[in-house]
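> So that we are looking at the same thing, I have put the structure below in C-alpha coordinates.
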Amino acid sequence: MSARALLYSFSPKPNAPPDISGPRKSLGSDFRNQNPIRVRVWFEPSGKERVCVFNVWARRSGRRRGGKVWADVKSEPYEVSDSVPKSVKLKEVFTDVVLGEEDAESAAPWWEEFPKRWVIVVLCFSAFLLCNMDRVNMSIAILPMSAEFNWNPATVGLIQSSFFWGYLLTQIAGGIWADTVGGKKVLGFGVVWWSVATILTPIAAKVGLPFLLVVRAFMGIGEGVAMPAMNNILSKWVPVAERSRSLALVYSGMYLGSVTGLAFSPFLIHQFGWPSVFYSFGSLGTVWFAVWLNKAYSSPLDDPQLRPEEKKLILTNSVSKEPVKVIPWGQILSKAPVWALIVSHFCHNWGTFILLTWMPTYYHQVLKFNLTESGLFCVLPWLTMAISANVGGWIADTLVSKGYSVTTVRKIMQTIGFLGPAFFLTQLSHINSPAMAVLCMACSQGTDAFSQSGLYSNHQDIAPRYSGVLLGLSNTAGVLAGVFGTAATGYILQHGSWDDVFKVSVGLYLVGTVVWNLFSTGEKILD
(Lines give C-alpha, C1' and ligand atoms only; values in the text may rest on other atoms or scores of the structure.)
Protein backbone atom coordinates (compact mmCIF):
# COMPACT_ATOMS: atom_id res chain seq x y z
CA MET A 1 0.00 0.00 0.00
CA SER A 2 1.38 3.43 -0.87
CA ALA A 3 0.33 6.92 -0.07
CA ARG A 4 1.86 10.31 0.49
CA ALA A 5 0.24 13.54 1.56
CA LEU A 6 1.88 16.91 1.01
CA LEU A 7 0.60 19.80 3.07
CA TYR A 8 1.60 22.77 1.00
CA SER A 9 -0.30 25.80 2.33
CA PHE A 10 -2.45 27.13 5.13
CA SER A 11 -5.04 29.74 4.40
CA PRO A 12 -8.10 31.35 6.02
CA LYS A 13 -10.24 29.87 3.24
CA PRO A 14 -9.67 27.14 0.65
CA ASN A 15 -7.52 28.17 -2.35
CA ALA A 16 -6.74 31.58 -0.79
CA PRO A 17 -3.16 32.64 -0.06
CA PRO A 18 -2.16 32.51 3.58
CA ASP A 19 -1.96 35.74 5.55
CA ILE A 20 1.49 35.90 7.09
CA SER A 21 1.62 39.64 7.66
CA GLY A 22 0.80 39.47 11.37
CA PRO A 23 3.28 38.48 14.04
CA ARG A 24 3.50 34.82 14.89
CA LYS A 25 2.82 33.68 18.40
CA SER A 26 3.73 30.38 19.89
CA LEU A 27 0.88 28.51 21.53
CA GLY A 28 3.31 26.29 23.39
CA SER A 29 2.55 28.22 26.57
CA ASP A 30 -1.00 26.94 26.35
CA PHE A 31 0.32 23.41 26.72
CA ARG A 32 2.60 24.43 29.56
CA ASN A 33 -0.39 26.06 31.28
CA GLN A 34 -2.46 22.95 30.65
CA ASN A 35 -4.93 24.75 28.40
CA PRO A 36 -6.17 22.03 26.05
CA ILE A 37 -6.17 22.61 22.29
CA ARG A 38 -8.46 20.21 20.46
CA VAL A 39 -8.34 19.53 16.72
CA ARG A 40 -10.92 17.83 14.51
CA VAL A 41 -10.00 16.99 10.90
CA TRP A 42 -12.00 16.00 7.85
CA PHE A 43 -11.33 15.94 4.08
CA GLU A 44 -13.49 17.45 1.37
CA PRO A 45 -12.74 15.92 -2.07
CA SER A 46 -12.20 18.29 -4.98
CA GLY A 47 -10.84 16.37 -7.97
CA LYS A 48 -7.42 15.01 -7.16
CA GLU A 49 -6.90 17.51 -4.37
CA ARG A 50 -8.28 17.46 -0.91
CA VAL A 51 -9.14 20.25 1.50
CA CYS A 52 -8.32 19.49 5.12
CA VAL A 53 -10.39 21.46 7.62
CA PHE A 54 -9.09 21.83 11.17
CA ASN A 55 -11.53 22.81 13.92
CA VAL A 56 -9.43 24.34 16.66
CA TRP A 57 -10.44 25.65 20.05
CA ALA A 58 -8.65 26.40 23.29
CA ARG A 59 -9.58 27.46 26.80
CA ARG A 60 -7.86 30.31 28.58
CA SER A 61 -8.92 32.21 31.74
CA GLY A 62 -12.20 30.32 31.82
CA ARG A 63 -13.18 31.38 28.26
CA ARG A 64 -13.25 29.11 25.26
CA ARG A 65 -12.18 30.45 21.87
CA GLY A 66 -12.20 28.57 18.62
CA GLY A 67 -12.08 28.77 14.86
CA LYS A 68 -11.29 26.95 11.61
CA VAL A 69 -8.15 26.60 9.51
CA TRP A 70 -8.19 25.20 5.96
CA ALA A 71 -5.24 23.37 4.40
CA ASP A 72 -4.92 22.21 0.78
CA VAL A 73 -3.66 18.62 0.53
CA LYS A 74 -2.34 16.66 -2.46
CA SER A 75 -2.00 12.90 -2.67
CA GLU A 76 1.02 11.28 -4.31
CA PRO A 77 2.16 7.64 -4.50
CA TYR A 78 4.68 6.77 -1.86
CA GLU A 79 6.04 3.48 -0.58
CA VAL A 80 5.41 3.17 3.16
CA SER A 81 8.10 1.27 5.06
CA ASP A 82 7.90 -0.22 8.51
CA SER A 83 10.26 2.39 9.92
CA VAL A 84 10.03 6.14 9.69
CA PRO A 85 12.88 7.67 7.63
CA LYS A 86 15.11 10.09 9.48
CA SER A 87 14.35 12.68 6.83
CA VAL A 88 10.72 12.69 7.80
CA LYS A 89 10.26 14.90 10.82
CA LEU A 90 7.18 16.25 12.49
CA LYS A 91 7.55 19.94 13.05
CA GLU A 92 5.16 21.92 15.25
CA VAL A 93 4.09 25.19 13.69
CA PHE A 94 2.18 27.68 15.77
CA THR A 95 0.54 30.76 14.35
CA ASP A 96 -2.06 33.32 15.25
CA VAL A 97 -5.59 32.36 14.27
CA VAL A 98 -8.53 34.72 14.42
CA LEU A 99 -11.02 32.75 16.49
CA GLY A 100 -14.73 33.36 16.07
CA GLU A 101 -17.16 32.96 18.98
CA GLU A 102 -19.75 31.30 16.75
CA ASP A 103 -17.25 28.69 15.59
CA ALA A 104 -16.13 28.16 19.18
CA GLU A 105 -19.62 27.38 20.34
CA SER A 106 -20.23 24.96 17.46
CA ALA A 107 -16.87 23.29 18.03
CA ALA A 108 -17.56 22.14 21.58
CA PRO A 109 -21.20 21.44 22.53
CA TRP A 110 -22.19 22.68 25.96
CA TRP A 111 -22.91 19.18 27.26
CA GLU A 112 -19.28 18.21 26.65
CA GLU A 113 -18.16 21.10 28.84
CA PHE A 114 -20.73 20.49 31.63
CA PRO A 115 -18.82 19.28 34.72
CA LYS A 116 -19.15 15.53 35.15
CA ARG A 117 -19.34 15.87 38.93
CA TRP A 118 -22.56 17.82 38.50
CA VAL A 119 -23.89 15.16 36.15
CA ILE A 120 -23.46 12.75 39.08
CA VAL A 121 -25.18 15.25 41.39
CA VAL A 122 -28.13 15.62 38.99
CA LEU A 123 -28.50 11.83 38.68
CA CYS A 124 -28.52 11.51 42.48
CA PHE A 125 -31.10 14.33 42.56
CA SER A 126 -33.26 12.32 40.12
CA ALA A 127 -32.96 9.18 42.24
CA PHE A 128 -34.14 11.05 45.32
CA LEU A 129 -36.96 12.59 43.31
CA LEU A 130 -38.20 9.06 42.52
CA CYS A 131 -37.52 7.99 46.11
CA ASN A 132 -40.02 10.40 47.62
CA MET A 133 -42.50 10.09 44.77
CA ASP A 134 -42.74 6.38 45.53
CA ARG A 135 -42.84 6.99 49.28
CA VAL A 136 -45.32 9.85 49.53
CA ASN A 137 -47.94 8.38 47.19
CA MET A 138 -49.08 6.12 50.02
CA SER A 139 -49.96 9.14 52.19
CA ILE A 140 -52.53 10.14 49.54
CA ALA A 141 -53.63 6.67 48.46
CA ILE A 142 -54.14 5.59 52.08
CA LEU A 143 -57.34 7.69 52.24
CA PRO A 144 -59.31 5.74 49.57
CA MET A 145 -57.54 2.52 50.57
CA SER A 146 -58.63 2.83 54.22
CA ALA A 147 -62.20 3.51 53.08
CA GLU A 148 -62.17 0.44 50.79
CA PHE A 149 -60.58 -1.94 53.33
CA ASN A 150 -62.14 -0.43 56.50
CA TRP A 151 -58.86 0.43 58.24
CA ASN A 152 -58.96 2.40 61.51
CA PRO A 153 -56.38 5.11 62.39
CA ALA A 154 -54.22 2.63 64.33
CA THR A 155 -54.06 0.31 61.29
CA VAL A 156 -53.24 3.26 59.04
CA GLY A 157 -50.40 4.19 61.40
CA LEU A 158 -49.15 0.58 61.30
CA ILE A 159 -49.15 0.55 57.50
CA GLN A 160 -47.38 3.91 57.31
CA SER A 161 -44.73 2.79 59.78
CA SER A 162 -44.13 -0.61 58.08
CA PHE A 163 -42.07 1.17 55.44
CA PHE A 164 -39.58 2.11 58.14
CA TRP A 165 -39.12 -1.51 59.27
CA GLY A 166 -37.22 -2.27 56.09
CA TYR A 167 -35.73 1.20 55.87
CA LEU A 168 -34.15 0.67 59.27
CA LEU A 169 -32.52 -2.63 58.30
CA THR A 170 -30.37 -1.32 55.45
CA GLN A 171 -29.02 1.98 56.78
CA ILE A 172 -25.77 0.73 58.28
CA ALA A 173 -25.53 -2.22 55.87
CA GLY A 174 -25.99 0.14 52.92
CA GLY A 175 -23.25 2.42 54.25
CA ILE A 176 -20.80 -0.46 54.66
CA TRP A 177 -21.68 -1.80 51.23
CA ALA A 178 -21.27 1.61 49.57
CA ASP A 179 -17.92 2.33 51.25
CA THR A 180 -16.50 -1.06 50.27
CA VAL A 181 -17.91 -1.85 46.79
CA GLY A 182 -18.81 1.63 45.55
CA GLY A 183 -21.90 3.82 45.57
CA LYS A 184 -22.88 3.21 41.94
CA LYS A 185 -23.86 -0.42 42.45
CA VAL A 186 -25.60 0.24 45.76
CA LEU A 187 -27.73 3.16 44.60
CA GLY A 188 -28.64 1.37 41.36
CA PHE A 189 -29.71 -1.69 43.34
CA GLY A 190 -31.79 0.45 45.68
CA VAL A 191 -33.74 2.21 42.92
CA VAL A 192 -34.59 -1.05 41.15
CA TRP A 193 -35.58 -2.77 44.41
CA TRP A 194 -37.94 -0.07 45.67
CA SER A 195 -39.44 0.46 42.19
CA VAL A 196 -40.44 -3.20 42.00
CA ALA A 197 -41.88 -3.06 45.53
CA THR A 198 -43.89 0.03 44.60
CA ILE A 199 -45.44 -1.75 41.63
CA LEU A 200 -46.34 -4.75 43.81
CA THR A 201 -48.09 -2.62 46.49
CA PRO A 202 -51.66 -2.70 45.03
CA ILE A 203 -51.45 -6.46 44.51
CA ALA A 204 -50.32 -7.00 48.10
CA ALA A 205 -53.09 -4.75 49.47
CA LYS A 206 -55.75 -6.80 47.72
CA VAL A 207 -54.25 -10.08 48.96
CA GLY A 208 -54.28 -9.01 52.60
CA LEU A 209 -52.88 -6.68 55.25
CA PRO A 210 -49.88 -8.91 56.22
CA PHE A 211 -48.74 -9.01 52.58
CA LEU A 212 -49.05 -5.23 52.31
CA LEU A 213 -46.93 -4.75 55.42
CA VAL A 214 -44.23 -7.04 54.00
CA VAL A 215 -44.16 -5.26 50.62
CA ARG A 216 -43.95 -1.85 52.28
CA ALA A 217 -41.07 -3.12 54.43
CA PHE A 218 -39.37 -4.43 51.27
CA MET A 219 -39.77 -1.01 49.72
CA GLY A 220 -38.06 0.46 52.78
CA ILE A 221 -35.12 -1.94 52.28
CA GLY A 222 -34.50 -0.48 48.82
CA GLU A 223 -34.82 3.15 49.88
CA GLY A 224 -32.69 2.54 52.97
CA VAL A 225 -29.47 2.21 50.97
CA ALA A 226 -30.05 5.37 48.93
CA MET A 227 -28.76 8.00 51.36
CA PRO A 228 -25.56 6.16 52.41
CA ALA A 229 -24.77 5.33 48.77
CA MET A 230 -25.36 8.91 47.65
CA ASN A 231 -23.23 10.25 50.50
CA ASN A 232 -20.40 7.91 49.51
CA ILE A 233 -20.53 8.98 45.85
CA LEU A 234 -20.62 12.71 46.54
CA SER A 235 -17.79 12.46 49.09
CA LYS A 236 -15.63 11.25 46.19
CA TRP A 237 -16.93 13.48 43.42
CA VAL A 238 -17.63 16.87 45.04
CA PRO A 239 -14.94 19.24 46.40
CA VAL A 240 -15.43 20.70 49.89
CA ALA A 241 -16.21 24.16 48.51
CA GLU A 242 -19.25 22.76 46.65
CA ARG A 243 -20.42 20.32 49.31
CA SER A 244 -23.34 22.21 50.84
CA ARG A 245 -25.02 23.23 47.61
CA SER A 246 -24.52 19.83 45.96
CA LEU A 247 -26.10 18.04 48.92
CA ALA A 248 -28.84 20.67 49.09
CA LEU A 249 -29.66 20.03 45.43
CA VAL A 250 -29.76 16.26 45.92
CA TYR A 251 -31.97 16.49 49.00
CA SER A 252 -34.22 19.00 47.27
CA GLY A 253 -34.93 16.12 44.90
CA MET A 254 -36.68 14.45 47.83
CA TYR A 255 -38.78 17.54 48.41
CA LEU A 256 -39.65 17.92 44.75
CA GLY A 257 -40.46 14.21 44.73
CA SER A 258 -42.97 14.91 47.46
CA VAL A 259 -44.32 17.84 45.44
CA THR A 260 -44.68 15.68 42.34
CA GLY A 261 -46.20 12.76 44.19
CA LEU A 262 -48.67 14.87 46.14
CA ALA A 263 -49.65 16.87 43.05
CA PHE A 264 -50.19 13.98 40.64
CA SER A 265 -51.51 11.30 43.00
CA PRO A 266 -55.00 12.86 43.47
CA PHE A 267 -55.37 13.26 39.71
CA LEU A 268 -54.34 9.67 38.99
CA ILE A 269 -56.56 8.32 41.75
CA HIS A 270 -59.53 10.32 40.47
CA GLN A 271 -59.01 9.27 36.85
CA PHE A 272 -57.74 5.69 37.12
CA GLY A 273 -58.13 4.54 40.74
CA TRP A 274 -55.66 4.40 43.61
CA PRO A 275 -53.57 1.47 42.21
CA SER A 276 -52.50 3.65 39.27
CA VAL A 277 -50.19 5.81 41.38
CA PHE A 278 -48.10 2.79 42.36
CA TYR A 279 -47.91 1.36 38.84
CA SER A 280 -47.00 4.67 37.15
CA PHE A 281 -44.49 5.93 39.72
CA GLY A 282 -42.78 2.58 40.13
CA SER A 283 -42.20 2.14 36.39
CA LEU A 284 -40.12 5.36 36.21
CA GLY A 285 -37.28 3.66 38.08
CA THR A 286 -36.36 1.55 35.04
CA VAL A 287 -35.74 4.68 32.95
CA TRP A 288 -33.48 6.17 35.60
CA PHE A 289 -31.56 2.91 36.00
CA ALA A 290 -30.70 2.75 32.28
CA VAL A 291 -29.19 6.25 32.38
CA TRP A 292 -27.39 5.54 35.65
CA LEU A 293 -25.64 2.45 34.26
CA ASN A 294 -24.41 4.43 31.25
CA LYS A 295 -23.30 7.68 32.92
CA ALA A 296 -22.39 7.10 36.56
CA TYR A 297 -19.16 5.95 38.22
CA SER A 298 -18.46 5.43 41.91
CA SER A 299 -15.30 7.54 41.80
CA PRO A 300 -13.59 10.02 39.43
CA LEU A 301 -10.75 7.51 39.19
CA ASP A 302 -13.14 5.01 37.57
CA ASP A 303 -14.45 7.35 34.87
CA PRO A 304 -12.46 7.01 31.60
CA GLN A 305 -14.23 9.98 30.00
CA LEU A 306 -13.59 12.48 32.80
CA ARG A 307 -11.65 15.49 31.53
CA PRO A 308 -8.15 15.75 33.05
CA GLU A 309 -8.65 19.27 34.36
CA GLU A 310 -11.81 18.29 36.22
CA LYS A 311 -10.19 15.16 37.62
CA LYS A 312 -7.31 17.28 38.90
CA LEU A 313 -9.75 19.75 40.51
CA ILE A 314 -11.62 16.98 42.30
CA LEU A 315 -8.61 14.99 43.47
CA THR A 316 -6.69 18.02 44.75
CA ASN A 317 -9.65 19.11 46.87
CA SER A 318 -10.55 15.80 48.46
CA VAL A 319 -9.20 13.13 50.74
CA SER A 320 -7.56 9.84 49.79
CA LYS A 321 -9.94 7.52 47.98
CA GLU A 322 -8.35 4.24 49.02
CA PRO A 323 -11.05 1.57 49.43
CA VAL A 324 -12.32 1.01 52.95
CA LYS A 325 -11.54 -2.50 54.17
CA VAL A 326 -12.04 -2.25 57.92
CA ILE A 327 -14.61 -0.07 59.70
CA PRO A 328 -13.14 1.34 62.97
CA TRP A 329 -16.36 1.04 64.95
CA GLY A 330 -14.72 1.65 68.32
CA GLN A 331 -13.09 4.85 67.14
CA ILE A 332 -16.29 6.06 65.44
CA LEU A 333 -18.54 5.44 68.44
CA SER A 334 -16.08 7.03 70.87
CA LYS A 335 -16.40 10.49 69.29
CA ALA A 336 -18.83 13.03 70.77
CA PRO A 337 -19.56 14.71 67.37
CA VAL A 338 -20.73 11.33 66.05
CA TRP A 339 -23.24 11.04 68.87
CA ALA A 340 -24.27 14.66 68.28
CA LEU A 341 -25.11 13.60 64.71
CA ILE A 342 -27.05 10.54 65.87
CA VAL A 343 -29.15 12.38 68.48
CA SER A 344 -29.78 15.37 66.23
CA HIS A 345 -30.79 13.14 63.34
CA PHE A 346 -33.34 11.41 65.57
CA CYS A 347 -34.79 14.74 66.79
CA HIS A 348 -34.92 16.16 63.27
CA ASN A 349 -36.55 13.14 61.61
CA TRP A 350 -39.28 12.78 64.21
CA GLY A 351 -40.93 15.98 63.03
CA THR A 352 -40.02 15.53 59.36
CA PHE A 353 -41.45 12.03 58.97
CA ILE A 354 -44.63 12.88 60.84
CA LEU A 355 -45.28 15.70 58.42
CA LEU A 356 -44.31 13.50 55.47
CA THR A 357 -46.76 10.72 56.29
CA TRP A 358 -49.56 12.46 58.21
CA MET A 359 -49.86 15.91 56.60
CA PRO A 360 -52.60 14.93 54.08
CA THR A 361 -54.60 13.38 56.93
CA TYR A 362 -54.18 16.57 58.99
CA TYR A 363 -55.45 18.69 56.11
CA HIS A 364 -58.37 16.32 55.60
CA GLN A 365 -59.43 15.94 59.24
CA VAL A 366 -58.60 19.32 60.76
CA LEU A 367 -58.74 21.77 57.85
CA LYS A 368 -61.59 19.87 56.14
CA PHE A 369 -59.94 19.71 52.72
CA ASN A 370 -61.11 17.03 50.30
CA LEU A 371 -58.73 14.48 48.77
CA THR A 372 -57.67 16.68 45.87
CA GLU A 373 -57.24 19.77 48.05
CA SER A 374 -55.24 17.79 50.61
CA GLY A 375 -52.79 16.69 47.94
CA LEU A 376 -52.48 20.14 46.37
CA PHE A 377 -52.01 22.03 49.63
CA CYS A 378 -49.42 19.48 50.76
CA VAL A 379 -47.34 20.55 47.78
CA LEU A 380 -46.60 24.02 49.15
CA PRO A 381 -44.48 23.02 52.18
CA TRP A 382 -42.38 20.61 50.14
CA LEU A 383 -41.92 23.14 47.35
CA THR A 384 -40.78 25.63 49.98
CA MET A 385 -38.27 23.05 51.25
CA ALA A 386 -36.88 22.49 47.75
CA ILE A 387 -36.23 26.20 47.33
CA SER A 388 -34.94 26.95 50.84
CA ALA A 389 -32.61 23.91 50.86
CA ASN A 390 -30.76 25.27 47.83
CA VAL A 391 -30.76 28.80 49.24
CA GLY A 392 -29.30 27.43 52.48
CA GLY A 393 -26.68 25.47 50.55
CA TRP A 394 -25.47 28.53 48.67
CA ILE A 395 -25.42 30.58 51.89
CA ALA A 396 -23.38 27.91 53.69
CA ASP A 397 -20.81 27.54 50.88
CA THR A 398 -20.54 31.32 50.60
CA LEU A 399 -19.86 31.66 54.33
CA VAL A 400 -17.18 28.96 54.14
CA SER A 401 -15.56 30.67 51.14
CA LYS A 402 -15.50 33.97 53.06
CA GLY A 403 -13.46 32.40 55.83
CA TYR A 404 -16.05 31.28 58.38
CA SER A 405 -15.16 27.96 59.95
CA VAL A 406 -17.09 24.91 58.81
CA THR A 407 -18.06 24.27 62.44
CA THR A 408 -19.65 27.71 62.79
CA VAL A 409 -21.53 27.38 59.51
CA ARG A 410 -22.88 23.91 60.35
CA LYS A 411 -24.09 25.09 63.78
CA ILE A 412 -25.81 28.16 62.37
CA MET A 413 -27.61 26.27 59.62
CA GLN A 414 -28.76 23.42 61.85
CA THR A 415 -29.97 25.78 64.58
CA ILE A 416 -32.22 27.40 61.97
CA GLY A 417 -33.28 23.89 60.91
CA PHE A 418 -34.39 23.11 64.48
CA LEU A 419 -35.77 26.35 65.92
CA GLY A 420 -37.60 27.44 62.77
CA PRO A 421 -39.93 24.40 62.64
CA ALA A 422 -40.35 24.47 66.43
CA PHE A 423 -41.58 28.07 66.34
CA PHE A 424 -44.05 27.62 63.49
CA LEU A 425 -45.52 24.38 64.86
CA THR A 426 -46.30 26.16 68.13
CA GLN A 427 -48.40 28.66 66.18
CA LEU A 428 -50.73 26.05 64.70
CA SER A 429 -52.80 25.73 67.87
CA HIS A 430 -53.56 29.48 67.75
CA ILE A 431 -54.67 29.56 64.10
CA ASN A 432 -58.21 29.01 62.85
CA SER A 433 -57.73 29.93 59.19
CA PRO A 434 -56.86 27.04 56.85
CA ALA A 435 -54.77 29.41 54.72
CA MET A 436 -52.69 30.48 57.72
CA ALA A 437 -52.30 26.85 58.80
CA VAL A 438 -50.92 25.94 55.38
CA LEU A 439 -48.60 28.96 55.53
CA CYS A 440 -47.31 27.85 58.94
CA MET A 441 -46.66 24.37 57.60
CA ALA A 442 -44.78 25.85 54.64
CA CYS A 443 -42.63 28.06 56.89
CA SER A 444 -41.97 25.13 59.23
CA GLN A 445 -40.79 22.92 56.39
CA GLY A 446 -38.88 25.75 54.71
CA THR A 447 -36.72 26.40 57.76
CA ASP A 448 -36.38 22.66 58.35
CA ALA A 449 -34.60 22.38 54.97
CA PHE A 450 -31.62 24.36 56.30
CA SER A 451 -30.67 21.08 57.96
CA GLN A 452 -29.26 19.93 54.60
CA SER A 453 -26.42 22.41 55.15
CA GLY A 454 -26.17 21.44 58.80
CA LEU A 455 -26.26 17.87 60.04
CA TYR A 456 -26.72 16.29 56.58
CA SER A 457 -23.46 17.85 55.33
CA ASN A 458 -21.58 17.04 58.54
CA HIS A 459 -20.90 13.36 57.81
CA GLN A 460 -18.49 14.26 55.02
CA ASP A 461 -16.89 16.94 57.22
CA ILE A 462 -15.92 14.75 60.15
CA ALA A 463 -15.31 11.38 58.44
CA PRO A 464 -15.11 11.67 54.62
CA ARG A 465 -13.75 8.14 54.07
CA TYR A 466 -16.52 6.64 56.22
CA SER A 467 -19.28 9.05 55.19
CA GLY A 468 -21.51 6.23 53.93
CA VAL A 469 -21.19 4.25 57.15
CA LEU A 470 -21.63 7.35 59.29
CA LEU A 471 -24.76 8.45 57.46
CA GLY A 472 -26.12 4.93 57.75
CA LEU A 473 -25.46 5.04 61.48
CA SER A 474 -27.07 8.42 62.13
CA ASN A 475 -29.93 7.78 59.72
CA THR A 476 -30.69 4.58 61.60
CA ALA A 477 -31.56 6.80 64.53
CA GLY A 478 -33.55 8.97 62.14
CA VAL A 479 -35.47 5.96 60.87
CA LEU A 480 -36.23 4.88 64.42
CA ALA A 481 -37.77 8.31 64.87
CA GLY A 482 -39.86 7.65 61.78
CA VAL A 483 -40.97 4.22 63.03
CA PHE A 484 -41.88 5.38 66.52
CA GLY A 485 -43.11 8.83 65.51
CA THR A 486 -45.40 7.63 62.72
CA ALA A 487 -46.92 4.85 64.84
CA ALA A 488 -47.12 7.06 67.94
CA THR A 489 -48.99 9.72 65.99
CA GLY A 490 -51.76 7.25 65.19
CA TYR A 491 -51.94 6.29 68.88
CA ILE A 492 -51.93 9.94 70.04
CA LEU A 493 -54.71 10.85 67.61
CA GLN A 494 -56.84 8.01 68.93
CA HIS A 495 -56.45 9.27 72.51
CA GLY A 496 -55.57 12.95 72.12
CA SER A 497 -55.30 15.74 69.55
CA TRP A 498 -53.04 17.17 66.86
CA ASP A 499 -51.79 19.74 69.38
CA ASP A 500 -50.31 16.87 71.38
CA VAL A 501 -48.61 15.54 68.25
CA PHE A 502 -46.97 18.90 67.55
CA LYS A 503 -45.87 19.41 71.16
CA VAL A 504 -43.79 16.21 71.06
CA SER A 505 -42.10 17.38 67.85
CA VAL A 506 -41.33 20.82 69.29
CA GLY A 507 -39.80 19.27 72.41
CA LEU A 508 -37.48 17.09 70.35
CA TYR A 509 -36.45 20.03 68.16
CA LEU A 510 -35.34 21.91 71.28
CA VAL A 511 -33.37 18.91 72.57
CA GLY A 512 -31.64 18.59 69.21
CA THR A 513 -30.68 22.28 69.23
CA VAL A 514 -28.92 21.97 72.59
CA VAL A 515 -27.07 18.75 71.72
CA TRP A 516 -25.96 20.01 68.32
CA ASN A 517 -24.53 23.29 69.57
CA LEU A 518 -22.70 21.65 72.46
CA PHE A 519 -21.04 18.68 70.75
CA SER A 520 -20.98 19.03 66.94
CA THR A 521 -17.93 20.06 64.88
CA GLY A 522 -17.06 20.69 61.25
CA GLU A 523 -13.47 19.47 61.58
CA LYS A 524 -12.31 16.05 60.43
CA ILE A 525 -12.08 13.67 63.39
CA LEU A 526 -11.52 10.39 61.51
CA ASP A 527 -8.96 9.68 58.76
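The values are calculated or read from the model by the stated rules, or taken from the named source; none is laboratory data. Remember, predicted model here, so these are calculated numbers, not experimental data. Positions of Cβ are backbone-derived with ideal geometry, glycine not excepted, and every protein chain shown enters the neighbour counts. With ligands, DNA and RNA removed, areas are computed over all heavy atoms of the protein, side chains included. Shrake-Rupley method; radii C 1.70, N 1.55, O 1.52, S 1.80 Å.
> Listed highest first by mean packing, meaning other Cβ atoms within 10 Å per residue, what order do 142-153, 171-182 come in?
Details: 142-153: 14.7, 171-182: 23.1.
Highest to lowest by the protection proxy: 171-182, 142-153.
> Taking the stretch 116-315, how much of its Cα-Cα pair set, in percent, is spaced more than 25 angstrom apart?
Details: 7438 of 19900 pairs.
Value for the stretch 116-315: 37 percent of Cα pairs lie more than 25 Å apart.
> State, as an integer percentage, the relative contact order of the stretch 186-308 based on alpha-carbon contacts under 8 Å between residues 6 or more apart.
Values: 92 pairs, mean separation 48.2, N = 123.
With pairs under 8 Å counted, the relative contact order is 39 percent.
> From the Cα gyration tensor of the stretch 487-527, with a ≥ b ≥ c the square roots of its eigenvalues, which class applies: rounded if a/c is under 1.5, or else prolate if a/b is larger than b/c, or else oblate? Please list the in-between numbers first.
On the way: a/c = 6.81, a/b = 2.95, b/c = 2.31.
Taking the square roots of the gyration eigenvalues as a ≥ b ≥ c, the stretch 487-527 is prolate.
> Express the relative contact order of the stretch 327-526 as a whole percentage, based on alpha carbon pairs under 8 Å and six or more residues apart in sequence.
Rounded, it is 41 percent for the stretch 327-526.
> Then there's this: In the structure shown, do any of 185/335; 185/411; 335/503; 185/311; 236/335; 312/402 have a Cα-Cα gap over 25 Å, and if so which?
Working: 185/335 30 Å; 185/411 33 Å; 335/503 31 Å; 185/311 21 Å; 236/335 23 Å; 312/402 23 Å.
185/335; 185/411; 335/503, as the Cα separations exceed 25 Å there.
> Here's another thing I want to ask about it. Give me the three principal axis extents of the stretch 417-527 from the C-alpha atoms, as integers in angstrom, largest value leading.
Principal axes ranked by extent give 53, 26, 22 Å for the Cα atoms.
> I would also like to ask the following. Across the stretch 473-486, in residue order, what do the Karplus-derived ³J(HN,Hα) couplings come to in whole Hz, using 6.51 cos²θ - 1.76 cosθ + 1.60 with θ = phi - 60° and x for Gly and Pro?
Karplus-based 3J(HN,Hα) across the stretch 473-486 equals 5, 5, 6, 4, 5, x, 5, 4, 4, x, 4, 6, x, 5 Hz.
> Please name which of 407, 481, 494 has its Cα lying farthest along the dipole of the stretch 406-527 towards the positive end, using unit charges on Cβ (Lys, Arg +1; Asp, Glu -1) and the Cα centre as origin.
Farthest towards the positive end: 407.
> Dipole magnitude of the stretch 116-315 about its Cα centre, charges +1 at Lys/Arg Cβ and -1 at Asp/Glu Cβ only, in debye to the nearest 20?
Values: 14 positive and 9 negative charges, 79 e Å.
So the dipole magnitude of the stretch 116-315 works out to roughly 380 debye.
> Before I look further, what does the stretch 251-364 give for accessible area per residue, probe 1.4 Å, in whole square angstrom? Please report the intermediate quantities before stating the final value.
Numbers: 4950 Å² over 114 residues.
Accessible surface, normalised per residue, equals 43 Å².
> For the stretch 327-526, what size does the Cα cloud have along each of its three principal axes, sorted from largest down, in whole Å?
Extents along the principal axes, in whole Å: 51, 36, 26.
> Which ³J(HN,Hα) values in Hz, rounded to whole numbers, follow from the phi angles of the stretch 338-348 under the Karplus curve 6.51 cos²θ - 1.76 cosθ + 1.60, where θ = phi - 60° and Gly and Pro get x?
5, 5, 4, 4, 4, 5, 5, 5, 4, 4, 5
> From the Cα gyration tensor of the stretch 367-426, with a ≥ b ≥ c the square roots of its eigenvalues, which class applies: rounded if a/c is under 1.5, or else prolate if a/b is larger than b/c, or else oblate?
Working: a/c = 6.36, a/b = 2.33, b/c = 2.73.
Oblate is the answer for the stretch 367-426, as a/c is 1.5 or above yet b/c matches or exceeds a/b.
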